[in-house]
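S.K.: Supplied in structure tokens, the structure appears directly below.
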Ligand SMILES: C[S@@+](CC[C@H](N)C(=O)[O-])C[C@H]1O[C@@H](n2cnc3c(N)ncnc32)[C@H](O)[C@@H]1O
């Protein structure tokens, strides 16, 4: 099983060969989740390293994640943010949330993660406004525009929003291959790219990651 990527196999192998996961627990979790689910749903190791670099660049200490899955990306975020940071992560699927809970309980940075079981729609409005340094969106693709609305007010000025799968396996550039969720992703990217309130870059890593800085 390999992670989705838009790059050719040689470049992908090169990128992955240099990634060191923060510890063996993450490697084990990545393999266990992929095996149990029968497909790879979580971010790739090189995306984890990219997220960790962004966390460190903006010195993020308060982080929100939509879409915990088994907790792989949350653990990358928490490990990069360090002890005393907070990662609020939201997962709607109870079985996955239980797996994430087990992973957090056995990881040294799991104590910095608060797992919210429920929908992003229900949980995000309960979080503190203008409090978070970084938001990572990786939930249901059809809901990305709704997440954008719900997350904008959570971020401080200068806060960073990152969203995964924003090139949608290349579909965003191929209208004939559009799925209903592709239209939402295209609109999500457009809103951020055209807004004066954000400075945005769409990065071709993994399945595409949009990185936007809130400038107002
Ligand atoms: C791509 S996976 C997340 C992978 C995870 N971020 C990682 O890289 O380790 C998306 C997750 O979002 C969850 N999800 C879907 N819709 C959701 C919603 N409305 N609210 C919260 N979680 C949701 C799914 O159950 C799934 O586990």
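S.K.: Starting from residues that are part of a loop (DSSP other than H, G, I, E, B) and surrounded by fewer than 24 Cβ atoms within 10 Å (Cβ to Cβ), keep the ones in region 70-94 and report whichever is farthest from the ligand (Cβ to nearest atom).
M.R.: Residue satisfying both the conditions and the ranking: 84.
S.K.: Would you please list the contacts, defined by Cβ atoms under 7 Å and residues six or more apart or on different chains, that run from a residue in region 104-124 that is over 15 Å from residue 146 (Cα atoms) to a residue that is in a loop (DSSP other than H, G, I, E, B) and within 12 Å of the ligand (Cβ to nearest atom)?
M.R.: Pairs found: 104/71; 115/68; 118/92.
S.K.: Additional query: Which ones in region 95-136 are outside any helix (DSSP H, G or I), under 15 Å from the mean Cα position of the chain (by Cα) and near the ligand (Cβ under 9 Å from one of its atoms)?
M.R.: If the condition is that a residue be outside any helix (DSSP H, G or I), under 15 Å from the mean Cα position of the chain (by Cα) and near the ligand (Cβ under 9 Å from one of its atoms), then 136 is the only one that fits.
S.K.: Also: Quick check, is residue 148 under 18 Å from residue 199 (Cα atoms), modelled with pLDDT of 95 or more, surrounded by 15 or more Cβ atoms within 10 Å (Cβ to Cβ) and more than 12 Å from the ligand (Cβ to nearest atom)? Steps first, answer last, please.
M.R.: On the way: under 18 Å from residue 199 (Cα atoms): yes; modelled with pLDDT of 95 or more: yes; surrounded by 15 or more Cβ atoms within 10 Å (Cβ to Cβ): yes; more than 12 Å from the ligand (Cβ to nearest atom): yes.
For residue 148, the condition - under 18 Å from residue 199 (Cα atoms), modelled with pLDDT of 95 or more, surrounded by 15 or more Cβ atoms within 10 Å (Cβ to Cβ) and more than 12 Å from the ligand (Cβ to nearest atom) - is met.
S.K.: Condition first: within 23 Å of residue 19 (Cβ to Cβ), out of contact with any strand residue (DSSP E or B) (no Cβ under 9 Å at 6 or more places or on another chain) and touching a residue at least 12 places away in the same chain (Cβ under 8 Å). Can you find one or more residues in region 193-205 that meet it? If you could, list the steps in order and put the result at the bottom.
M.R.: From region 193-205, those within 23 Å of residue 19 (Cβ to Cβ) are 201-205; that's our starting set.
Within this subset, residues satisfying the condition of being out of contact with any strand residue (DSSP E or B) (no Cβ under 9 Å at 6 or more places or on another chain) are 204-205.
With touching a residue at least 12 places away in the same chain (Cβ under 8 Å) added as a condition, the list becomes 204-205.
Yes, the conditions are met somewhere in region 193-205.
The values are calculated or read from the model by the stated rules, or taken from the named source; none is laboratory data. This one's a predicted model, so the numbers in the text were calculated from it and none came from an experiment. Using ideal geometry, Cβ is built from the backbone for each residue, glycine included, and neighbour counts are taken over all protein chains shown.
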